[in-house]
Amino acid sequence: MKSDSIVIATDDPSKVTDDTVAARNGDGISVVSDNRMASNKKVLGYAAGIFVCYFYFGILQEKITRSTYGDGDKFTYTSTLVFVQCVVNCIFAKIMLHTFMKQGEDPTRQLYYAVCGFSYLGAMVSSNMALQHVNYPTQVVGKSCKPIPVMILGVLIGKKKYPLAKYFYVFMIVVGVCLFVYKDRPTTPEADEDAALLGMGEILLLISLTLDGITGAIQDRMRAEYQSKSGHMMYSTNLWSTFILGIVVFVTGEIWGFLQFVEKYPYIIYNMLGFSIMSALGQVFIYLVVSEFGPLLCSIITTTRKFFTVLGSVFLFGNSLLPRQWMGTALVFTGLTLDGVYGKHSPSKKK
């Protein structure tokens, strides 16, 4: 007897899971996307938006934090830079929620957003501060290691078990980062006294990665308990970050030093505004990919984007990489790509 064949039409292939197909294979169900062509065009458009926004974002970030102003002055007002970035992100998210991304009321507890905003903020500040000690390619490769804190927090706090292959991919990433950030042995006794295996820049990157892992864990919990929407998460997280950082820059007095710096070098304002706008637009595209096509596709897009960002910074700013660092870069991005393609199976809970 011939089994019936049922066709499921959807404009979002990511919402049809392997579990759904496996559960119905016996009935001969075939899964078809009526709007596959339109979806592919949207993916290409979102990916192009992420590439362009964050490529220019990286260029402006390095210009702001690593340029020499006037008679040797350096920009050291990292908290204020992130404050401006969060304000612009928040405004963009609010505009989205009132225009093309209307998502209704948000039931999520504000405490979650407050904690998430604090960890998200700390990760950004640490990452930007690291640029005062390391070049942009080092920062990007270091920040590409988000699977490491996510795995550690998942095992230690979430009691999760990951497939063996995932440990291998993360091991590749760790080895690649070690090859990249390891400092060669100094040639002079004076340099040997000042050098350390991990400098301040690398320590700040480790702090940033840890906070990234905490942010991801909190966001997972919000989605699980309240089904929080992407637009609300972007808006509320940036709102709390703006509030927290606003207090910091005023209490520490950094805002007054920043205003004096801007008065002395007013042209930096244009770079800061461009930097913040690119950040906000990039977040819009990232949240669109995550909400419509899932985090797997987003991770593959952002991993590819990081690769071109590193190359762009190297060629545009003359940041040279040693052969060992190129090998480390290849290992990091290979591990991230394999993890994105093969390592995204949902981990099981430890019993």
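The values are calculated or read from the model by the stated rules, or taken from the named source; none is laboratory data. Keep in mind it's a predicted model, so treat the numbers as computed, not measured. So basically every Cβ, Gly included, is an ideal-geometry build from the backbone, and we count neighbours across all protein chains shown. Keep in mind that these areas ignore ligands, DNA and RNA; they rest on the heavy atoms of the full protein, side chains included. Shrake-Rupley method; radii C 1.70, N 1.55, O 1.52, S 1.80 Å.
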Which condition from (1) more than 22 Å from R305 (Cα to Cα); (2) open to solvent by 30 Å² or more (accessible area, probe 1.4 Å); (3) among the aliphatic types (A, V, I, L, M) is the one that I148 breaks? (1)
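Residues checked against (1) surrounded by fewer than 21 Cβ atoms within 10 Å (Cβ to Cβ); (2) free of Cβ contacts under 8 Å to residues at least 40 places away in the same chain; (3) under 21 Å from the mean Cα position of the chain (by Cα); (4) more than 22 Å from V248 (Cβ to Cβ):
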| site | (1), (2), (3), (4) |
| --- | --- |
| A48 | yes, yes, yes, yes |
| D71 | yes, yes, no, yes |
| F83 | no, no, yes, no |
| I91 | yes, no, yes, no |
| H98 | yes, yes, no, yes |
| Q103 | yes, no, no, yes |
Please state which one of L153, L179, L197, L206 is modelled with pLDDT of 75 or more, farther than 13 Å from Q325 by Cα and open to solvent by 20 Å² or more (accessible area, probe 1.4 Å). L206
Do we have V262 as over 25 Å from P107 (Cβ atoms) and open to solvent by 50 Å² or more (accessible area, probe 1.4 Å) here? no
All positions within segment 55-84 that are modelled with pLDDT of 85 or more and aromatic (F, W, Y): Y56, F57, Y69, F75, Y77, F83
